[in-house]
Structures are given as C-alpha cells and as structure tokens.
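Undergrad: Okay, here's the structure, questions in a sec.
Read the figures in this text as sums done on the coordinates, not as results from a lab. Just so it is clear, the structure is predicted and the values come from calculations on it, not from any experiment. Cβ sites come from the backbone with ideal geometry, for glycine too, and all protein chains shown count toward neighbours.
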Amino acid sequence: MVTKFRIGDHVRWNSEAGHVSGKIVRVHVRDVDYKGYIHHASAEDPQYEIKSDKTEHIAMHKGTALHRIG
C-alpha cells in the first residue's frame, strides 16, 4: 500500500545534498509541467509539491520518496 500525504504534512526526503525536510503545499493528481519537465501524476499515484523548511525551495516528489515526520 502506498502512503498518502496531505497538504500540511511535514515530510523528509533524500536529495543530492542529504536529507531535506519540508511541508507539502500542493498535491497534483494530473500530469503537471514543472520546471520544463512533465511530472506524471494520478489520483492513485500523486506528485507532491513540497516547500523546504531551510531554503523555501519548492521540490516535487512522488510519495515513494517521502517519509512523514513529526
């Protein structure tokens, strides 16, 4: 079973620079063009837009890359 996340959830993911944490600000359930790349999404496998706690950078990831944190 795939973990589903909601707007406001605090999550962490692994990036080239190490672990990053942030809050989900948007959930995409349809394909979305983000930074010139089409991110495939569906209701069963959404893409999550996340704002980094430290840099306020916006990242987009599938739920399989995310871990909910307290």
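Undergrad: If you bin the C-alpha pair distances of the chain every 5 Å from 0, what whole percents do you get?
TA: 4, 17, 32, 25, 17, 5, 0
Undergrad: Shape of segment 3-43 from its Cα gyration tensor (a ≥ b ≥ c, root eigenvalues): rounded if a/c is under 1.5, otherwise prolate when a/b > b/c, or oblate?
TA: Cα axes put segment 3-43 in the oblate bin.
Undergrad: How large is the dipole of the chain about the Cα centre if only Lys and Arg carry +1 and Asp and Glu carry -1, each at its Cβ, rounded to the nearest 20 debye?
TA: Charge dipole, the chain, about its Cα centre: 220 debye, nearest 20.
Undergrad: With θ set to phi - 60° and the Karplus curve 6.51 cos²θ - 1.76 cosθ + 1.60, what are the ³J(HN,Hα) couplings of segment 18-23 in order, to the nearest whole Hz, using x for Gly and Pro?
TA: Karplus-based 3J(HN,Hα) across segment 18-23 equals x, 6, 10, 10, x, 10 Hz.
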